[in-house]
Amino acid sequence: FVLHRLSRVRQATFRRVTILVTLPKFRREEESERGPSKEQVQEVIAAAETFFSTLGGLRAQHGFKPWLFGRKDEFVFEIVSEKKLIKFYVTVPVELRHFFEQEISAAYPDVYMEEVEDYNIFQPSGIIVGSHLVFKRLSAFAFKTYRELEKDPLNAITNVLAKVPENDGAAFQFLVRSAPASWRKKGVKIASNMQQGMKMDEAMHGRKAKRIDWMTLAGFGGEKQNEPEKDYRLSPQEEQTVKGIEQKASKAGMEVCIRLVASCESAQAAQTLMQNMLNAFSQYNIYQYGNSFVKVVPRRKRKIIRDFIYRAFNVRNTIVLNAEEMASIWHLPTPWTDTPNIKWLGARKLPAAANVPTSAEDGGQVKLGYNLYRGVKTDVWMKGPDRQRHMYLIGKSGSGKTETLAHMIVQDIGLGHGVAVIDPHG
C-alpha cells in the first residue's frame, strides 16, 4: 500500500509543466538617472503579492484522495543558476496551467512564458549538498518583508547565484500550496494572550508561568502575599510583535517548503556556496521579537536530491507564509535589478494586430508564423495585395531570410500558385 501511494504521488509530479518566465529589462529615462525610490520598488514587488494572494485563495485540497494520490494544487517556484545564467522557473499542474498564466499575466503584463524541458544543474563528477529552511519559532510569527527592508531583498539571493561558475549549479526551490484556514487560529490566540498580559513565551504555551516568591517561602515578607499580582505590561517591541502576528493572519496563507541545492566540482566549493545561499536569508530575520530562518540538513543526502528532482513536498519541513512574505522571498526581477547574468527578455512581446488575417478563410494567402501572447497562440497570415506591395526581407547572414522565402515558396506550390525565383548573384 505504501509503495502504491508513493508511486501515485510520483506520477502526480509528471502531470506538471515547467515554464521559463522572463521579463524585459527597461527603464524610463527619468528613473535611470535618479535611481528608483523605495516606493517604486515596493510597487513593483507588490505585483507578486497580488499574484500570491490569488494563489493562496485557492481552496486547500484535503481528505483521503489527495493523501493517496497527491495534491494537484502545488506550485513550484525556482531561482536557478544554470551555465552562468540565472533563470526563473515555475512548475505548475497541467490542470492549473491556464489559471497560472492568466494570473501571472495580470500581475506582470510584459511577462513571457515558455514551456521548456526540465533543467539539470548536476554534473557526473559533482559534489551535491542540500538543506531545508524552516522557522525558529511558530509560523504565526512574522519576519521582515519587502515593505520593511530598504532594498529589494531579491538582490541578495541573485547576487549569490551570479558568482556560481559555469560548471557548477545551484537552485532555490519553493514549493507552494494553499494552506487550510485553520492556520490562523494559533497566531490569533497568541496575539490575544499577549494582549491579556502574558509574555511572549507564556502566550505560546497558553498559560502564565507560576512565579515563586522565595522571600515568602523563607518566612520573610509575609504581609506581601495578599497583594494582588500586577498585570504584565507589553513593551513597545512586544506590541510590535502582536501587530505583526495580526497582520500576518489577515492575509492569504500558503504552506511552503524551502529547499536549497548546490552542485560543485569540489566539496569545499559546494559547502561555501551553500553557506552563502543560507546567509542570503538572514536579511529577513527578526531575532528577538519575531521569526528567523534556520537550516535543517537531512541525514540522508539522497532523499533531498530525490525530493528536489521530483519536486516533492516535505511535510516535516513545511512552514506557513502569507502572500506578502512569499512575495518577499520570490518575485520576478525588477527593472532596477543590476545582478549580472540574469536571463532577460530581449524585447517586449505584443499581441497580434486585430486586422491581421488568422487563416486562409480570413483572407490570408501565406502563413508567416504564429503569435504567442499571454498563453494565447494566434496564427499570422499575410494577404495577397500586402505581400505584393508591402513586403521586403532584410537581415544579416544566418538570420533566416532564405528559410522564410523557402517556407512561402512551398506554400505557393502547394496552393498551385506560380512561383519565380530570381537570384541576382547568379
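The values are calculated or read from the model by the stated rules, or taken from the named source; none is laboratory data. Everything numeric in this text was worked out from a predicted model, so none of it was measured. Cβ atoms come from the backbone with ideal geometry, glycine included; neighbour counts cover every protein chain shown. Accessible surface areas use protein heavy atoms only, side chains included; no ligands, DNA or RNA. Shrake-Rupley method; radii C 1.70, N 1.55, O 1.52, S 1.80 Å.
Residues of the chain: accessible area per residue at 1.4 Å, in Å²? The partial results should precede the final answer.
Numbers: 24590 Å² over 426 residues.
Accessible area per residue, the chain: 58 Å².
For Val296, Val134, what's the largest-to-smallest order of accessible area, 1.4 Å probe?
My answer, sorted largest first, is Val296, Val134.
Just to make sure I understand: if all protein chains stay in place, what is the order of Asp73, Asp423, Asp379 by accessible area at 1.4 Å, largest first? All intermediate terms of the calculation are to be shown ahead of the outcome.
On the way: Asp73 5, Asp423 95, Asp379 55 Å².
Result, largest first: Asp423, Asp379, Asp73.
If you line up the Cα atoms of the stretch 257-393 on their principal axes, what length do they span on each, largest first, in Å?
On the principal axes, the stretch 257-393 reaches 71, 36, 31 Å in Cα extent.
Could you give the dipole magnitude of the stretch 249-340 about its Cα centre, charging the beta-carbon of Lys and Arg +1 and that of Asp and Glu -1, in debye to the nearest 20?
Working: 11 positive and 6 negative charges, 140 e Å.
Once rounded to the nearest 20, the dipole reads 680 debye.
Could you pull out every one of the aspartates and glutamates with an alpha carbon less than 18 Å from that of Lys189, ignoring same-chain neighbours closer than 8 positions?
Reachable aspartates and glutamates: Asp201, Glu202, Glu238, Glu239, Glu246.
Given the alpha-carbon gyration tensor of the stretch 354-426, what are the semi-axes of its equivalent ellipsoid in whole angstrom, ordered largest first, with each equal to the square root of 5 times an eigenvalue? Intermediate results must be reported in sequence, preceding the final value.
Numbers: eigenvalues 107, 56, 25 Å².
The three semi-axes for the stretch 354-426 are 23, 17, 11 Å.
How would Trp330, Trp336, Trp344 line up by accessible area, probe 1.4 Å, largest first? Intermediate values should be presented prior to the final figure.
Values: Trp330 5, Trp336 35, Trp344 60 Å².
Of Trp330, Trp336, Trp344, the descending order of accessible area is Trp344, Trp336, Trp330.
Against the longest alpha carbon principal axis of the chain, how many degrees, from 0 to 90 and to the nearest 10, is the axis of helix 38-56 turned?
Once rounded, one gets 90 degrees.
Of all accessible surface on the stretch 365-425 at a 1.4 Å probe, what whole percent is carbon and sulfur? Don't skip to the answer; put the middle values down first.
Numbers: 2680 of 4860 Å².
Its accessible area is 55 percent carbon and sulfur atoms.
So which of Lys83/Lys343; Lys144/Lys199; Lys186/Lys303; Lys186/Lys243; Lys144/Lys186; Lys144/Lys301 end up more than 23 Å apart by C-alpha?
Numbers: Lys83/Lys343 11 Å; Lys144/Lys199 21 Å; Lys186/Lys303 31 Å; Lys186/Lys243 15 Å; Lys144/Lys186 20 Å; Lys144/Lys301 31 Å.
Going by Cα-Cα distance, Lys186/Lys303; Lys144/Lys301 fall outside the 23 Å limit.
Give the accessible area for Ser282 in Å² (nearest 10); use a 1.4 Å probe, count only protein heavy atoms, and leave out ligands, DNA and RNA.
So the heavy atoms of Ser282 present about 60 Å² to solvent.
Between 0 and 90 degrees, rounded to the nearest ten: what's the tilt of helix 97-107 against the longest Cα principal axis of the chain?
So the helix axis and the longest Cα principal axis differ by about 80 degrees.
How big is the charge dipole of the chain about its Cα centre, in debye rounded to the nearest 20, if each Lys and Arg gets +1 on its Cβ and each Asp and Glu gets -1 on its Cβ?
Values: 61 positive and 47 negative charges, 359 e Å.
Dipole magnitude for the chain comes out near 1720 debye.
For the stretch 44-175, would you read off the P(r) tail past 18 Å as a percentage of all alpha carbon pairs? Please list the in-between numbers first.
Working: 5851 of 8646 pairs.
The calculated P(r) of the stretch 44-175 puts 68 percent of pairs beyond 18 Å.
What number results when the radius of gyration of the chain, computed over Cα atoms, is divided by 2.2 N^0.38 Å? Write down the numbers at each step before the final one.
Details: Rg = 28.2 Å, N = 426, 2.2 N^0.38 = 22.0 Å.
Its radius of gyration relative to the 2.2 N^0.38 Å reference: 1.29.
Could you tell me how far the Cα centroid of the stretch 388-426 sits from the Cα centroid of the stretch 76-103, in Å?
Cα centroid of the stretch 76-103 versus Cα centroid of the stretch 388-426: 38 Å apart.
So what's the net charge close to Thr18: Lys and Arg +1, Asp and Glu -1, counting the other residues with Cβ under 15 Å from its Cβ?
Working: positive: Arg15, Arg16, Lys87, Arg97, Arg311, Lys343; negative: Glu74, Glu78, Glu82, Glu101, Glu114, Glu115, Glu117, Asp118.
Local charge sum for Thr18: -2.
Once the convex hull of the C-alpha atoms of the stretch 69-134 is built, how many Å³ does it hold per residue, rounded to a whole number? If you can, show how the numbers build up before the last one.
Numbers: hull volume 10.8 nm³, N = 66.
Dividing the Cα hull volume of the stretch 69-134 by its residue count gives 164 Å³.
Among all the lysines, which ones have a C-alpha under 21 Å from Lys401's C-alpha, if same-chain residues fewer than 8 places away are not counted?
By straight Cα distance, Lys401 reaches Lys367, Lys383.
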